[in-house]
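The values are calculated or read from the model by the stated rules, or taken from the named source; none is laboratory data. These numbers come from a predicted model, not from an experiment. Every residue, glycine as well, gets a Cβ built from its backbone with ideal geometry; the counts of neighbours run over all protein chains shown. In case anyone asks, the SASA skips ligands and DNA or RNA and just uses the protein heavy atoms, side chains included. Shrake-Rupley method; radii C 1.70, N 1.55, O 1.52, S 1.80 Å.
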Amino acid sequence: MAETVTTASPTTPYGSKNALISLSDKKNLDLLANGLQKLGYTIVSTGGTASALEKAGISVTKVEELTNFPEMLDGRVKTLHPNVHGGILARRDQRHHMEALEKHSIGTFELVVVNLYPFYAKVSSANGVTFDDGIENIDIGGPTMIRAAAKNHKDVLVVVDSEDYPVLLEFLKGNKDDQQFRRKLAWKAFQHCAAYDSAVSEWLWKQTEGDKFSPSFTVPLTLKSSLRYGENPHQKAAFYTDSSLSEVNGGGIATAIQHHGKEMSYNNYLDADAAWNCVCEFEKPTCVVVKHTNPCGVASRDDLIEAYRLAVKADPVSAFGGIVAFNTEVDESLAKDIREFRSPTDGETRMFYEIVVAPSYSEKGLEILRGKSKTLRILEAKKNSRGKLSLRQVGGGWLAQDSDDLTPEEINFDVKSKKAPEKSELSDAKFAWLCVKHVKSNAIVIAKNNCMLGMGSGQPNRVDSLRIAVRKAGDEVKGAALASDAFFPFAWNDAVEEACQSGIGVIAEPGGSIRDNDAIDCCDKYSVSLVFTGVRHFRH
């Protein structure tokens, strides 16, 4: 290793140990600066940060004293200067680097503390931002200093998060040479810049007239929690929140508040997400019960207690140990019913759930639910906004698509049979259609009077899904509505005819099969109403 050369010039404004601080967010600045001064650091700073330090009575060297050049271009150029970046980037173990600094009277920086213009907050604010204002909030000097220090982290500590100030000061007090500590700070610095750049890129693409799907993009993820395990105990797992601009105030399970219960698991997040996405589809007070991401019970009623009981009744065996979701507040009366309701199968077993999720809880309602079980997870979530990008991973890549946001009001239920559905039958068909879009394909839902009676999911063929749904619906199938997530490839001696023979009153399906006429003829034979939606709802 080359011999270390130090620079020491009493005629320069540098000290023996120098810290460069430039902050937009000045949280805990006094804690940091006082700590550094006690450790003998000379603090060099810029603009507003220097003013804040002076007001706090902390000695500070302004960066222009190092550069011998004033800030210019409305602050766009402050630190982009060799006297700054030379002191950051010089390798202490390289003689020619240190000789160059000495030749030009440049001192070294041992610490760089920088955070960036609040671009993310500006462009995501409720009041919006003009294009020019957005551009002006793109930081240039800050990321340059951060990246320079992070690259040279062996010699220069870099900090971008005020939460790291205490551990930084403790590290400096110990006078240790811990390269792992330095590397972690460097990683955090590069990640900070990467997330910042992804926000700029996302925002700028939206200002263009390009396609919705940009040629490339970055999804900034932030670790929310380490999970006990993944889908199975032998799989390690963690949960990340999406910090994309498109997710700001976007609602969803990721930003839900947990009021009570055990920590969320990998499968808990999947099931809670499925339940919440489904229940938020409904305008009327609704309860949805989910097991293994499939809604096994759905009911809408003005009386939410009645809706809850009907949703459980649809499949009480599956509901046990499931997730219960509501689209309106859980009050004291509903909470008592959730706590005490017995399984419809025997009238004795108290229903057990993994999670209850709702948009809000009354104070008393929350207190009662907390008393049901120490482990019951109680989540408060905001409704997902429409128009989100849906991402799904495959080996070596990702699939991107629009979220499936269509509602019955946006769909034309086109009558194809001779028998037109009654108003109540059409309403049932729309309810079933709204349910079936959340069931794994091949999916069949049978419903009546705003209540799911039975569903068949995940079967390789549509006939088996139909038979499961009919079996679960039982005698209530008579006159009920049936919705299919996709068209029926066959009708005679197949799913359509079996549905008609079971007593179904109306069938809603997308249509689009080369044998659509067979489905129409079959329904006409049994005097069953048939409507085509023109919209498929595959869910894999």
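Scanning for something open to solvent by 60 Å² or more (accessible area, probe 1.4 Å), within 30 Å of Val200 (Cβ to Cβ), hydrophobic (A, V, I, L, M, F, W, C) and in a loop (DSSP other than H, G, I, E, B), does region 110-129 turn up at least one residue?
yes
So Ile135 ticks every box in (1) open to solvent by 40 Å² or more (accessible area, probe 1.4 Å); (2) within 19 Å of Asn28 (Cβ to Cβ); (3) modelled with pLDDT under 90 but one. Which box is left unticked?
Result: Ile135 passes all but (2).
Among the residues of region 510-540 satisfying the criterion of being of a type in the set (Lys, Arg) and part of a loop (DSSP other than H, G, I, E, B), which is nearest to Leu391 (Cα to Cα)?
Step by step, filter region 510-540, then rank; the result is Arg539.
Among the residues of region 479-504, what is the count of those that are assigned to a loop (DSSP other than H, G, I, E, B) and open to solvent by less than 10 Å² (accessible area, probe 1.4 Å)?
Residues that pass the stated criteria total 6.
From the residues in region 443-472 that are closer than 20 Å to Asp273 by Cα and assigned to a loop (DSSP other than H, G, I, E, B), which one is most open to solvent (accessible area, probe 1.4 Å)?
Applying the filter and picking the extreme gives Gly458.
Can you run down the residue pairs with Cβ atoms below 6 Å, 6 or more apart or on separate chains, where the first is in region 497-520 and on the phi > 0 side of the Ramachandran plot and the partner is open to solvent by 10 Å² or more (accessible area, probe 1.4 Å)?
Every condition considered, the pairs that remain are Gly503/Lys478; Gly511/Phe487; Gly511/Phe532; Gly512/Phe487.
Any residue that is surrounded by 15 or more Cβ atoms within 10 Å (Cβ to Cβ) and assigned to a strand (DSSP E or B) - is there at least one of those in region 187-203?
No, there is no match, as no residue in region 187-203 is surrounded by 15 or more Cβ atoms within 10 Å (Cβ to Cβ) and assigned to a strand (DSSP E or B).
Looking at region 376-393, which of its residues are loosely packed, with under 12 Cβ neighbours inside 10 Å and of a type in the set (S, T, N, Q)?
The answer is Ser390, Gln393.
Any idea which of (1) part of a loop (DSSP other than H, G, I, E, B); (2) under 21 Å from Ser300 (Cα atoms) is the one Leu426 doesn't satisfy?
With (1) part of a loop (DSSP other than H, G, I, E, B); (2) under 21 Å from Ser300 (Cα atoms) applied to Leu426, the lone miss is (1).
So Asp302 passes all but one of these: (1) under 20 Å from Ser373 (Cβ atoms); (2) surrounded by fewer than 17 Cβ atoms within 10 Å (Cβ to Cβ); (3) touching a Lys or Arg at 6+ places or on another chain (Cβ under 8 Å). Which condition number does it fail?
(1)
Taking region 38-61 as the region of interest, how many residues are open to solvent by less than 70 Å² (accessible area, probe 1.4 Å) and either touching a Pro at 6+ places or on another chain (Cβ under 9 Å) or in a helix (DSSP H, G or I) (or both)?
10
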